[in-house]
Ligand code: ADP
């Protein structure tokens, strides 16, 4: 987080009251959303209400020991993030203080109060390569050069969006730190590698476009049944033990995004520690580089102050937008938005606002939608195209999806991946419930799948959906009367649906090959099961008893396609064997 810079309105106020993270001050000259430093320790806070000469502040640090009468210092600037090279591979707290720097300063991972640290290293030098020349005209947002930030990502240095732009009068290559000027314009504007942006304002873009490309995850149930678009929004509610962490890791690892921003918001310390310890070990499967080379982690654990849950969400989305402006596809994962909502509830109740449903403030829905609204596929102001996809985890207490945070989120997001504790208990992974989940992007992404995978992708998928739907209906009857009471064709449908579940929907995140499934393979598995289906129903029509059809020894081999590296050859052979073995029955 940047220190406030426009320090023209510096005027001290006096603390009037302290209630947890909410502090009121008298006689403070500040505007809404300004950053202020609270108390003699200078804790960072943000103005959230002004009434007469009383200013209400939410404080991003622990406030115990702070008392009335202590000073509050205004900065005159809104809460902003530092943007520039050095954010990838970083781990930040909720107000963009790098955890490693703080750890060095404090000697512990638990942050002390009133410590400030710039979001990006101000001394480190980077190799700047100009992409425009003296005499060129540049507009706000234009790329003037790039920096090889990590082995995976070229960081683009852009004219800040709030500059006027003009003709480049000086620019040179070389090694600079982020505060040194790398380009100068004829109107006197100077461009550094570092820029600041207020976290609550969306970075401008020319146009938000309708997303038409999927964010491929390599997970069959997602790409096959519930795809998210690049620039799309998804919610993933995860009751405890349902595989939320594994799913999030899989997405961070495999989603075909250039940049991943992972916001750990208010989850228990040990879960965040898991992420902080795991991520640096992970390898980016497509480049072989460290996954952290394209990842920025923001960690605000449950033992950190609640108000900072809000700032970490906004910090994350602003960083995501900044990389979007460079023309990158960014995936932002927020885990968990429920903890952020709980923070809103706590602050709201301390402000004695009128509570809405289950004590959440009435503006819960507006806040959530403001956040998800910042996702999208954009034509940027520099004419590059970039996207921010937002995947928000929700933790409904007791797995009850009717609670307000889940419900409000569902009204906003277009993809819903319902993790299911029962499936997890039966060791069906990923435990995404195919009956409850949905994706409103399915139709608009079909042309991409038709063009890039197979012509009959939509039809084959529809067949799979219909079969799974039929199974769900038949299961109700089976529970009453048993499977044997069903007519033979329905027994066969159940068998086919079982293969769809076991061979197609289930996927082992811990198997070297099965962990990632390209769309072509997702299609071929589904298609192989359909081949079995068609040949099996032909045999049934020819009078072969259902047990004989389901007993052929080729069929169980369907369950092993996922782990085959040379799946094409394996499937060709398997399909031929299935047809031959069934043909032999009549
Ligand atoms: P949560 O975060 O919801 O509490 P986890 O993500 O830690 O749950 O998952 C619990 C366990 O479920 C994991 O340790 C793992 O054994 C299993 N699991 C979850 N997802 C998968 C998967 N896709 N493939 C294989 N095992 C999985």
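The conditions of being in a loop (DSSP other than H, G, I, E, B) and under 30 Å from residue 125 (Cα atoms) are not met by residue 239.
Taken over segment 534-552, the residue count meeting the criterion of being assigned to a loop (DSSP other than H, G, I, E, B) and either within 23 Å of residue 460 (Cα to Cα) or out of contact with any helix residue (DSSP H, G or I) (no Cβ under 7 Å at 6 or more places or on another chain) (or both) is 5.
For every residue, the table says whether it meets (1) in contact with a helix residue (DSSP H, G or I) (Cβ under 8 Å, 6 or more places away or on another chain); (2) crowded, with 22+ Cβ neighbours inside 10 Å.
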position	(1), (2)
307	yes, yes
332	yes, yes
338	yes, yes
351	no, no
368	yes, yes
377	no, yes
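Of the residues making up segment 433-454, those that are in a loop (DSSP other than H, G, I, E, B) and either within 18 Å of residue 521 (Cα to Cα) or touching a helix residue (DSSP H, G or I) at 6+ places or on another chain (Cβ under 9 Å) (or both) number 6.
For segment 427-436, a residue qualifies if it is surrounded by fewer than 20 Cβ atoms within 10 Å (Cβ to Cβ) and closer than 20 Å to residue 400 by Cβ, and the qualifying residues are 433, 435, 436. Scanning segment 337-361 for residues that are touching a strand residue (DSSP E or B) at 6+ places or on another chain (Cβ under 8 Å) and not in a helix (DSSP H, G or I) yields 351, 353, 355, 361.
Sub-6 Å Cβ pairs linking a first residue in segment 425-449 that is without any contact (Cβ under 8 Å) to a residue 24 or more places away in the chain to a second residue that is within 16 Å of the ligand (Cβ to nearest atom) and not in a loop (DSSP other than H, G, I, E, B), at least 6 apart or interchain, number zero.
Per the conditions (1) within 16 Å of the ligand (Cβ to nearest atom); (2) more than 24 Å from residue 500 (Cβ to Cβ); (3) crowded, with 18+ Cβ neighbours inside 10 Å, the sole criterion not satisfied by residue 390 is (1).
Cβ-Cβ distances below 8 Å connect the following pairs, each with a first residue in segment 239-250 that is more than 6 Å from the ligand (Cβ to nearest atom), a second residue that is modelled with pLDDT of 85 or more and in a helix (DSSP H, G or I), and a separation of six or more residues or different chains: 239/421.
Please state which of the following conditions residue 430 fails to meet, knowing it meets all the rest: (1) part of a helix (DSSP H, G or I); (2) more than 26 Å from residue 320 (Cα to Cα). Here residue 430 clears every test but (1). Applying the condition of being in contact (Cβ under 8 Å) with a residue 60 or more places away in the chain and assigned to a strand (DSSP E or B) to segment 166-202 and asking which residue is farthest from the chain's Cα centre (by Cα) yields 192.
For (1) within 16 Å of the ligand (Cβ to nearest atom); (2) in contact (Cβ under 8 Å) with a residue 40 or more places away in the chain, each residue gets a yes or a no:
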{"site": "478", "(1), (2)": "no, no"}
{"site": "484", "(1), (2)": "no, no"}
{"site": "488", "(1), (2)": "no, yes"}
{"site": "491", "(1), (2)": "no, yes"}
{"site": "497", "(1), (2)": "no, no"}
{"site": "506", "(1), (2)": "yes, yes"}
{"site": "519", "(1), (2)": "no, yes"}
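Condition check ((1) surrounded by 17 or more Cβ atoms within 10 Å (Cβ to Cβ); (2) farther than 24 Å from residue 216 by Cβ; (3) away from the ligand (no atom under 16 Å from the Cβ)) across all residues:
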site: 422; (1), (2), (3): no, yes, no
site: 425; (1), (2), (3): no, yes, no
site: 440; (1), (2), (3): no, no, yes
site: 451; (1), (2), (3): no, no, yes
site: 462; (1), (2), (3): no, no, yes
site: 465; (1), (2), (3): no, no, yes
site: 473; (1), (2), (3): no, yes, yes
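If the requirement is being near the ligand (Cβ under 9 Å from one of its atoms), closer than 16 Å to residue 91 by Cβ and either at pLDDT below 90 or buried (at least 20 other Cβ atoms within 10 Å of the Cβ) (or both), which of these qualifies: 277, 271, 281? None of the others qualify; the one that does is 271.
Listed here are the residues, each with its yes/no results for (1) surrounded by fewer than 15 Cβ atoms within 10 Å (Cβ to Cβ); (2) at pLDDT below 95; (3) within 24 Å of residue 205 (Cα to Cα).
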{"site": "155", "(1), (2), (3)": "no, no, yes"}
{"site": "159", "(1), (2), (3)": "no, no, yes"}
{"site": "167", "(1), (2), (3)": "yes, no, yes"}
{"site": "171", "(1), (2), (3)": "no, no, no"}
{"site": "193", "(1), (2), (3)": "no, no, yes"}
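For segment 208-231, the set of residues classified as surrounded by fewer than 17 Cβ atoms within 10 Å (Cβ to Cβ) and either on the phi > 0 side of the Ramachandran plot or in a strand (DSSP E or B) (or both) consists of 208, 209, listed by residue number. Per the listing 322, 314, 262, the residue uniquely within 16 Å of the ligand (Cβ to nearest atom), within 24 Å of residue 204 (Cα to Cα) and either at pLDDT 80 or above or not in a helix (DSSP H, G or I) (or both) is 262. If only one of 205, 257 is in a loop (DSSP other than H, G, I, E, B), away from the ligand (no atom under 16 Å from the Cβ) and under 14 Å from the mean Cα position of the chain (by Cα), which one is it? Step by step, each of 205, 257 is checked, and only 257 is in a loop (DSSP other than H, G, I, E, B), away from the ligand (no atom under 16 Å from the Cβ) and under 14 Å from the mean Cα position of the chain (by Cα). Scanning segment 3-32 for residues that are at pLDDT 90 or above and under 19 Å from residue 196 (Cα atoms) returns 31, 32. Among the residues of segment 215-233, at least one is within 18 Å of residue 395 (Cα to Cα), away from the ligand (no atom under 16 Å from the Cβ) and touching a residue at least 24 places away in the same chain (Cβ under 8 Å). Within segment 284-292, is even one residue modelled with pLDDT under 80 and either surrounded by 24 or more Cβ atoms within 10 Å (Cβ to Cβ) or in contact with a helix residue (DSSP H, G or I) (Cβ under 7 Å, 6 or more places away or on another chain) (or both)? Looking for residues that are modelled with pLDDT under 80 and either surrounded by 24 or more Cβ atoms within 10 Å (Cβ to Cβ) or in contact with a helix residue (DSSP H, G or I) (Cβ under 7 Å, 6 or more places away or on another chain) (or both), one finds at least one in segment 284-292, hence yes.
The values are calculated or read from the model by the stated rules, or taken from the named source; none is laboratory data. Only a predicted model underlies this, so the values are computations on that prediction, with no experimental measurement involved. Here Cβ is always computed from backbone atoms with ideal geometry, including for glycine, and neighbour counts include all displayed protein chains.
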